[in-house]
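Peer 1: The following block contains the structure, expressed as structure tokens.
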Amino acid sequence: MRAKKVIVIHVRDDVEKEEFMKEVQRLNLSAFVYIHGKLNSLKVNVQGTKDEIREALRAIREAHKRVRGRLHPDRQGLFTYSPDDIFREASANVSLPILIRALELMGERVEVKDEYIKTSMPWREIVELVKKLNEVVNQIALQTTRQIREVVAPVSVVYDIDPEELLDLLVDLRLAEYKEDKFKYELIKNKEQALEELLRYLEGEDDEDRGHKEGGEPA
């Protein structure tokens, strides 16, 4: 038996309204859904069987929750994201550890909670960050292992260093080696140690460069 249910979704601004509408359009719902927009709210009309309506309303409310979480920070100033939403928006295939590491290197607050991440970086910025990470990953994917990509990709984007240069640097620092039989770069140390030593080297180099600029060349 067909039925109808109407609910009202309150939104804060036009951006939230547009993002919510995009999310609903992506949902693969059995029920018929019609949405009528008002100034600060959306009237959602759902028609179908009781089960179809129940499932549609659950999915619609969840979609709105995700939209609000990524557009409006909580009391701690953190936005809540579904990683799948970020990667889909960026049209990217990046592992979550690479994204988390990049956020940490940029000094952003980040927490992993169940299927979500909380971070201080706003939605559009995190989407752009993932796009850059994806470009780096694609550039070195064929010649690297997953472990070494989790070191190179975030450092490359955050420090604005060509990933090929970083691979050579890791070899020079004896943190990685090139396996001729596999045609791949692999870490010699675990990724945490490799990252720590790589950052120590890069930050030391930056300090040295600053010293030259401030005090000139040593005598």
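The values are calculated or read from the model by the stated rules, or taken from the named source; none is laboratory data. In this text, all values refer to a predicted model and were calculated from it rather than measured experimentally. As a convention, Cβ positions derive from the backbone with ideal geometry for all residues, glycine included, and neighbour counts pool all protein chains shown. When the accessible area is computed, the model is the full protein with side chains, heavy atoms only, and any ligands, DNA or RNA have been set aside. Shrake-Rupley method; radii C 1.70, N 1.55, O 1.52, S 1.80 Å.
Peer 1: Residues 97, 122: which one is more than 27 Å from residue 145 (Cα to Cα) and in the same structural domain as residue 161 (by the TED database)?
Peer 2: Values: 97 fails: more than 27 Å from residue 145 (Cα to Cα).
Result of the check over 97, 122: 122.
Peer 1: Tally up the residues in segment 1-15 that are part of a helix (DSSP H, G or I) and either among the aliphatic types (A, V, I, L, M) or modelled with pLDDT of 95 or more (or both), please. Even if it seems obvious, please write down each step before you answer.
Peer 2: So in segment 1-15, the residues part of a helix (DSSP H, G or I) come out as 14-15.
Add one more test, that the residue is either among the aliphatic types (A, V, I, L, M) or modelled with pLDDT of 95 or more (or both), and what stays is 15.
Qualifying residue count for the region: 1.
Peer 1: Take residue 79 and decide whether it is touching a Ser or Thr at 6+ places or on another chain (Cβ under 7 Å) and either free of Cβ contacts under 8 Å to residues at least 24 places away in the same chain or within 27 Å of residue 192 (Cα to Cα) (or both).
Peer 2: Criteria met by residue 79.
Peer 1: Continuing with this model, one more query. Pairs please, first residue from segment 105-126 and free of Cβ contacts under 8 Å to residues at least 12 places away in the same chain, second anywhere and open to solvent by 70 Å² or more (accessible area, probe 1.4 Å), Cβ atoms under 7 Å, 6+ apart in sequence or on different chains.
Peer 2: Matching pairs, first to second residue: 110/104.
Peer 1: If you don't mind, another one. Only strands (runs of 3 or more DSSP E) wholly contained in segment 106-207 count here; list those with 2 or more residues that are open to solvent by less than 50 Å² (accessible area, probe 1.4 Å), within 16 Å of residue 83 (Cα to Cα) and not basic (Lys, Arg).
Peer 2: So the answer is 116-119.
Peer 1: Return the residues of segment 35-59 that are touching a strand residue (DSSP E or B) at 6+ places or on another chain (Cβ under 6 Å), in contact (Cβ under 8 Å) with a residue 12 or more places away in the chain, open to solvent by 60 Å² or more (accessible area, probe 1.4 Å) and not in a helix (DSSP H, G or I); say none if nothing qualifies.
Peer 2: Within segment 35-59, 43, 47 meet the criteria.
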